[in-house]
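Accompanying notes for the structure given below.
The values are calculated or read from the model by the stated rules, or taken from the named source; none is laboratory data. Small disclaimer: the values here were computed from a predicted structure and weren't measured. Cβ: placed from backbone, ideal geometry, glycine included. Neighbour counts: every protein chain shown.
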Amino acid sequence: MTLELHDESDLLATLARKNAVLQAINRIFHEALGATSEEALGRLCLAVAEDVTGAEFSFMAEMTPTGDKLHDLAISDRAWAVFHRMWPGLGPETLPTHLDLHGLYGRVIHDDASLIANDAPRHPDAIGTPHGHPPLASFLGVPLHRQGRLVGVIGLGNRPGGFREIDRLAVEELAPAIVQALYSKRAELALRESEEMRRVSIELVPAILWRTDGAGHNKMSNSQWAELTGQSEDEIAAWGWLDAVHPDDRAGAEQAFRRSYSNGEPLERQMRIRGREGAYRWFLMRQAPMRDAESSVTHWFGAATDVHDLHLLEERQRRLVAELQHRVRNILTVVRSVFARTADTGGALEDVADHFRGRLDALARTQAIVTQTASGHVDLENLIRDELLSVGVADGEALSLSGPDVPLPPRAAEAIGLAVHELAINAVKYGALKVPGAALEIVWSTDVADDGTRGVHLTWAERGVPVIAISPNRQGFGTELICEALPYQYGAQTQLAFAGGGVRCSIAMPLHEEGNTF
Amino acid sequence: MEDEYFIASDLKRVLQAEGVEVVGPVGRLADALAIIERERVDVALLDVNLGSAMSFPVAERLQALGVPFLFLTGYDAWTLPEPLRNVPLLAKPFDSDAVIAAVHALCGMEEVR
């Protein structure tokens, strides 16, 4: 600022100007507190500058990062009022951007110097005014600096009588305050937005978050812990949060956390946590240290995620795997056993292979059916028909099946499937399904025993089969299955006779609903 | 103790061929528990999964009575409850020689005690 000490009136004028500027700066910072946007604050700064200088309208613009264009920061209220007379509908939302660096304001930027042009239209840099802009009579432009760099320009127009040196000085004195106010507001708004984003995203994260100091004290948590457990901030602050942990998990949890705090190692552990209603759910608790520049731990940050459903699924999966191993090994042992018996009865290799293949197929069939139906139950009639079909027997005059719908649980299905297979093979090779004119009648019914268990009763009756010597090879396995295995393994009562006329077999099997590990 | 007939029957035959007197086989918990109370059992072979139940109650009773036994099973050790994890295990499908050897070993153990 230069003091032009011409005479007393100049001094007074200078004092008056400085006073006005100080008051203006005061006003800017006072209003800045309440401004809700950069643009609103900009308009206020321009109003203040207009008041100090007497200009009719004004604007402010900021250079782009590339330095080749200007974006308008604000256009004064008085300027908008003028525009609206010509262009109703224009408003602060439609601030021009990407202005070229030309015209009088471009000159200010180019020279990085203030400019007064009181005969604006005739200034060599004049480019005229945009459509709808009132004609520019006089112009005052002052560059805006921040931290020593040129960042933009403030331009005022049409002071009645033209702009004077003292106006230039006044605006140059205001400029730093305007820049500071605007940039502070910008930073404040950016911080507020980022805080808001952080707050919202924390609440969205499906985890309970907390923080403690370096020693594990003064635990603080977001609202989700309180919502889950009903515990207050005070309750959780020391080690009170442990109260919400399941008693069986508590000691281990405390030990793990204390160990983590003392050796600075991150922690990951599952434990049950009690909800407000009193029910426990499995949570995965994790925490990690935050370190300062010297690698000392300053805070611990932790998160707890509900993994209850996952936990149950994992347990179920473990049981499934164990169950599967058991089943597979059992079945292999049974197959080996069946093979040994088939081979033991002697006979040509072809026959052995044939018998064994048939039995293996029967085993495979029942396994397949059992796993295919959703309930694991097999309809008895379907089972019988499947077995008959597998030995090449379809409905016909020689065959009659009758009985109610009976859904068989898996074990019973297995047993009856194998038994029917043996009976069918035997009938096809030597019995009613081979001899012309012979007949086979399969009948079944259900009943309820004294103790309430349901049972199924199946009879297989062949007629018209001449008495012939039945191959003992065949007889061995099938007989053992029906007469020994079914009673031993399934609690069935069975009878098997090779009477005149053909095979007669009766199987009475209880149908227990099998406890499902699956 | 085994619920699968063919496996049980094969085991019985293997043991009998070696001169072992077989009590059973049985496939149900109740039957097994009755036998060990009623008769003097030197050695027991237990399947873990009996279809409708696990054989753990029998195993625990045998431990209490001091009767040596092993699990002949399709399960791995990690599936067994803690107190039973040190019981000798033979995997299925079983090897006859392995079964005989294991039974001898278990009987030998009894002598030492």
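Kindly evaluate A:Arg281 against the criterion of being among the charged types (D, E, K, R), in contact (Cβ under 8 Å) with a residue 24 or more places away in the chain, closer than 16 Å to A:Ala303 by Cα and out of contact with any Phe, Trp or Tyr (no Cβ under 8 Å at 6 or more places or on another chain). Criteria met by A:Arg281. Answer yes or no: is there a residue in region B:34-48 that is free of Cβ contacts under 8 Å to residues at least 40 places away in the same chain, at the interface with chain A (Cβ under 10 Å from one of its Cβ atoms) and touching a helix residue (DSSP H, G or I) at 6+ places or on another chain (Cβ under 9 Å). The answer is yes, given that some residue of region B:34-48 is free of Cβ contacts under 8 Å to residues at least 40 places away in the same chain, at the interface with chain A (Cβ under 10 Å from one of its Cβ atoms) and touching a helix residue (DSSP H, G or I) at 6+ places or on another chain (Cβ under 9 Å). Evaluated against (1) assigned to a helix (DSSP H, G or I); (2) within 14 Å of chain A (Cβ to nearest Cβ), B:Gln63 falls short on exactly one condition, (2).
Considering only residues that are exposed (fewer than 15 other Cβ atoms within 10 Å of the Cβ), in a loop (DSSP other than H, G, I, E, B) and touching an Asp or Glu at 6+ places or on another chain (Cβ under 9 Å), which ones fall in region A:206-222?
Looking only at region A:206-222, we keep the residues that are exposed (fewer than 15 other Cβ atoms within 10 Å of the Cβ), and these are A:206, A:213, A:215, A:217-218, A:220.
From the residues that got through so far, the ones that are in a loop (DSSP other than H, G, I, E, B) too are A:206, A:215, A:217-218.
Once the filter is applied, which keeps residues that are exposed (fewer than 15 other Cβ atoms within 10 Å of the Cβ), in a loop (DSSP other than H, G, I, E, B) and touching an Asp or Glu at 6+ places or on another chain (Cβ under 9 Å), region A:206-222 yields only A:Pro206.
Within region B:10-26, restricting attention to residues that are closer than 19 Å to A:Arg336 by Cβ and in contact with an Asp or Glu (Cβ under 7 Å, 6 or more places away or on another chain), which residue is nearest to the other protein chains (Cβ to nearest Cβ)? Of everything passing the filter in region B:10-26, B:Pro25 is nearest to the other protein chains (Cβ to nearest Cβ). Could you check how many residues of region B:78-110 are surrounded by fewer than 13 Cβ atoms within 10 Å (Cβ to Cβ) and either closer than 25 Å to B:Glu39 by Cα or in contact (Cβ under 8 Å) with a residue 12 or more places away in the chain (or both)? So the count comes out to 6.
Just so you know, in region A:441-479 the residues that are under 25 Å from A:Asp351 (Cβ atoms) and at pLDDT 90 or above include one that is nearest to the other protein chains (Cβ to nearest Cβ), and it is A:Trp460.
If we keep just the residues of region B:42-70 that are of a type outside the set (A, V, I, L, M, F, W, C) and over 16 Å from B:Pro81 (Cα atoms), which is surrounded by the fewest Cβ atoms within 10 Å (Cβ to Cβ)? Write out each step before concluding.
We begin by selecting, within region B:42-70, every residue of a type outside the set (A, V, I, L, M, F, W, C); these are B:42, B:47, B:49, B:51-52, B:55, B:57, B:60-61, B:63, B:66, B:68.
Filter again for over 16 Å from B:Pro81 (Cα atoms), leaving B:42, B:51-52, B:66, B:68.
Details: B:Asp42: 14, B:Gly51: 17, B:Ser52: 13, B:Gly66: 8, B:Pro68: 21.
Looking at residues that are of a type outside the set (A, V, I, L, M, F, W, C) and over 16 Å from B:Pro81 (Cα atoms), I get B:Gly66.
Please find, within region A:480-510, the residue that is surrounded by the fewest Cβ atoms within 10 Å (Cβ to Cβ) out of those that are aromatic (Phe, Trp, Tyr) and within 11 Å of another protein chain (Cβ to nearest Cβ).
Going residue by residue through region A:480-510, those that are aromatic (Phe, Trp, Tyr) are A:488, A:490, A:498.
Pick out the ones that are also within 11 Å of another protein chain (Cβ to nearest Cβ) and you get A:488, A:490.
On the way: A:Tyr488: 20, A:Tyr490: 23.
For region A:480-510, the residue satisfying everything is A:Tyr488.
Might you check whether a residue that is surrounded by fewer than 16 Cβ atoms within 10 Å (Cβ to Cβ), in contact with a strand residue (DSSP E or B) (Cβ under 9 Å, 6 or more places away or on another chain) and modelled with pLDDT of 90 or more occurs anywhere in region A:180-192?
Checked against the condition, which is being surrounded by fewer than 16 Cβ atoms within 10 Å (Cβ to Cβ), in contact with a strand residue (DSSP E or B) (Cβ under 9 Å, 6 or more places away or on another chain) and modelled with pLDDT of 90 or more, region A:180-192 yields at least one hit.
Does A:Ala413 satisfy the criteria of being in contact with a helix residue (DSSP H, G or I) (Cβ under 6 Å, 6 or more places away or on another chain), within 14 Å of chain B (Cβ to nearest Cβ) and either touching a residue at least 60 places away in the same chain (Cβ under 8 Å) or among the hydroxyl-bearing types (Ser, Thr, Tyr) (or both)? No, not satisfied.
The set of residues from region A:223-245 being polar (S, T, N, Q) and in a helix (DSSP H, G or I) comprises A:Ser223, A:Gln224, A:Thr229.
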